[in-house]
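Sending over a structure as structure tokens; questions will come in a sec.
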Amino acid sequence: MAHPVLSPDQVAVITGGASGIGFAAARKFASLGMKVCIADLGADCLAAAEAELVSASKGGAANIMTMAVDVSRAEEVSKLEAAVRGRFGGTDLLMNNAGIQPGSAMFGPAENWQRILAVNLWGVIYGSQIFAPRMIERGRPGLIINTGSKQGITTPPGDPAYNVSKAGVKAFTEALQHELRNVKGSLITAHLLIPGFVFTGLTAKGRTEKPAGAWTGEQTVDFMIERLEAGDFYILCPDNDVPRRLDERRILWAAGDIVENRPPLSRWHPDYAEAFAKFVTES
Ligand code: NAD
């Protein structure tokens, strides 16, 4: 059944909405007749995205809004909330999706860690804290979708700051959903979007063609909508290389490090290579 929020004249706000997964979501929501505001860095990328959104929008330009916002700055996120309320009356769907992945090293510069946490984690916290109370007051069904990552769950070696930020998004969004279901009168639900490998600016790394293993932003958004309509909290997306079953085994193995008292990240520890390979293929 179509989710009541995913319908004409409902208001969607998407951070990091000028490209990649966020832009694919904005285009989809616009095509459903929703009023859409994208928030992103920089006027140029917003203007290009706006033109495409207007042509995808059932309601044309009247239903599309853009705003230059740095999600790591609470005051800018507050201005975004107020501007959307001023123009469209309030927010029914918030997608805290802005993210960066510049790479990080365990003993690398603190400023790099701080920026990654500021955008990926604080952006989600500010967005949720600033928008959710207003969305609850509105008294209508609403959705808050926070974009996490498999890297925040299985925390593979190689990019520790990104993993920490996305593990924080997971923990925060779980707590947010617990809170929302206990607030009297709240019709808002939170959801954790966990994309697979999606071909976007974040992952392109100079490539101009989508690698065979990756999904497109559009596939990711279609899957997200299907799972929102099914009522899922954890929207665990496959891609062309990784089916759900493989993700399930990887997630179980990661949790098993604690239960089985193995070393952390044992999936990448040579002593456990054989056991992990067997675990993945067991039913
Ligand atoms: P993308 O680079 O195409 O989109 C991210 C958008 O966020 C960009 O438009 C960027 O300008 C914007 N942004 C960056 N910093 C910002 C800030 N401070 N304030 C506002 N906007 C800001 O990448 P994407 O792959 O579409 O990423 C979207 C989300 O999906 C991110 O949170 C990312 O971590 C997550 N994700 C992506 C993948 C993947 O394979 N692409 C996998 C897992 C998770």
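Conditions tested, residue by residue: (1) in the same structural domain as residue 221 (by TED's automatic domain parsing); (2) under 27 Å from the mean Cα position of the chain (by Cα).
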| residue | (1), (2) |
| --- | --- |
| 233 | yes, yes |
| 237 | yes, yes |
| 248 | no, yes |
| 251 | no, yes |
| 254 | no, yes |
| 267 | no, yes |
| 273 | no, no |
| 277 | no, no |
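Could you tell me which residue of region 177-197 is nearest to residue 216 (Cα to Cα), considering only residues that are more than 16 Å from the ligand (Cβ to nearest atom) and hydrophobic (A, V, I, L, M, F, W, C)? Write out each step before concluding.
As a first pass, look at region 177-197 and keep what is more than 16 Å from the ligand (Cβ to nearest atom): 177-189.
In the following step, the residues that additionally are hydrophobic (A, V, I, L, M, F, W, C) were identified as 180, 183, 187-188.
Values: 180: 31, 183: 36, 187: 31, 188: 28 Å.
Among those residues, the one meeting the criterion is 188.
Those residues that are assigned to a strand (DSSP E or B) and within 9 Å of residue 20 (Cβ to Cβ), I need them from region 196-228; list them, please.
From region 196-228, those assigned to a strand (DSSP E or B) are 198, 215; that's our starting set.
Answer for region 196-228, where residues must be assigned to a strand (DSSP E or B) and within 9 Å of residue 20 (Cβ to Cβ): just 198.
Can you tell me which residue in region 164-188 is farthest from residue 21 (Cα to Cα), limited to those that are among the β-branched types (Val, Ile, Thr) and in contact with a strand residue (DSSP E or B) (Cβ under 6 Å, 6 or more places away or on another chain)? Steps first, please.
Step one: of region 164-188, the residues among the β-branched types (Val, Ile, Thr) are 164, 169, 173, 183, 188.
Of the ones still in play, those that are also in contact with a strand residue (DSSP E or B) (Cβ under 6 Å, 6 or more places away or on another chain) are 169, 173, 188.
Values: 169: 17, 173: 19, 188: 22 Å.
My answer is 188.
Of the residues 139, 158, which is at positive phi, more than 15 Å from the ligand (Cβ to nearest atom) and surrounded by fewer than 23 Cβ atoms within 10 Å (Cβ to Cβ)?
On the way: 158 fails: more than 15 Å from the ligand (Cβ to nearest atom).
Of 139, 158, the one residue that is at positive phi, more than 15 Å from the ligand (Cβ to nearest atom) and surrounded by fewer than 23 Cβ atoms within 10 Å (Cβ to Cβ) is 139.
Quick one: in region 103-136, which of the residues that are of a type in the set (D, E, K, R) and more than 11 Å from the ligand (Cβ to nearest atom) is farthest from residue 224 (Cα to Cα)? Let's see the steps before the verdict.
Taking region 103-136 as the starting set, the residues that turn out to be of a type in the set (D, E, K, R) are 111, 115, 134.
Filter once more, keeping what is more than 11 Å from the ligand (Cβ to nearest atom): 111, 134.
Details: 111: 33, 134: 24 Å.
Once the filter is applied, the top-ranked residue is 111.
Moving on to the next point. Where in region 1-102 are there helices (runs of 4 or more DSSP H), lying fully within it, with 3 or more residues that are in the same structural domain as residue 177 (by TED's automatic domain parsing) and more than 21 Å from residue 223 (Cβ to Cβ)?
On the way: elements: 20-31, 43-56, 74-88.
Qualifying helices (runs of 4 or more DSSP H): 43-56, 74-88.
Still on this model: Suppose we filter region 198-228 for residues that are within 10 Å of the ligand (Cβ to nearest atom), over 12 Å from residue 238 (Cα atoms) and polar (S, T, N, Q); how many remain?
So the answer is 2.
Among the residues of region 233-283, write down those that are in a helix (DSSP H, G or I) and within 30 Å of residue 188 (Cβ to Cβ).
Going residue by residue through region 233-283, those that are in a helix (DSSP H, G or I) are 244-259, 266-268, 270-281.
Within region 233-283, 244, 247, 248, 251, 254, 255 meet the criteria.
When you scan region 54-67, do you find a residue that is over 13 Å from residue 23 (Cα atoms) and under 19 Å from the mean Cα position of the chain (by Cα), even just one?
Within region 54-67 (the criterion being over 13 Å from residue 23 (Cα atoms) and under 19 Å from the mean Cα position of the chain (by Cα)), the answer is yes, since at least one residue qualifies.
Have a look at 36, 84, 54, 11 and point out the one that is closer than 18 Å to residue 127 by Cβ, more than 14 Å from the ligand (Cβ to nearest atom) and free of Cβ contacts under 8 Å to residues at least 60 places away in the same chain. Spell out how you get there, then give the answer.
Working: 84 fails: free of Cβ contacts under 8 Å to residues at least 60 places away in the same chain; 54 fails: closer than 18 Å to residue 127 by Cβ; 11 fails: free of Cβ contacts under 8 Å to residues at least 60 places away in the same chain.
One residue alone meets the criteria, 36.
Give just the number: which of (1) under 22 Å from residue 199 (Cβ atoms); (2) within 16 Å of the chain's Cα centre (by Cα) does residue 13 not satisfy?
The one condition residue 13 does not meet is (1).
Taking region 123-160 as the region of interest, how many residues are assigned to a helix (DSSP H, G or I) and under 13 Å from the mean Cα position of the chain (by Cα)? Talk me through it step by step, then tell me what you get.
Here is the first cut: in region 123-160, the ones assigned to a helix (DSSP H, G or I) are 123-138, 150-152, 160.
In the following step, the residues that additionally are under 13 Å from the mean Cα position of the chain (by Cα) were identified as 123-125, 127-128, 150-152.
Total meeting the criteria: 8.
Only one of these is modelled with pLDDT under 95 and under 26 Å from residue 248 (Cα atoms): 203, 147, 173, 189. Name it. Step through it out loud before you land on a result.
Values: 147 fails: modelled with pLDDT under 95; 173 fails: modelled with pLDDT under 95; 189 fails: modelled with pLDDT under 95.
Result: 203 is the single residue among 203, 147, 173, 189 that is modelled with pLDDT under 95 and under 26 Å from residue 248 (Cα atoms).
The values are calculated or read from the model by the stated rules, or taken from the named source; none is laboratory data. Predicted model only: the values in this text are computed from it and were never measured. All Cβ positions, even for glycine, are placed from backbone atoms using ideal geometry, and neighbour counts span all protein chains on display.
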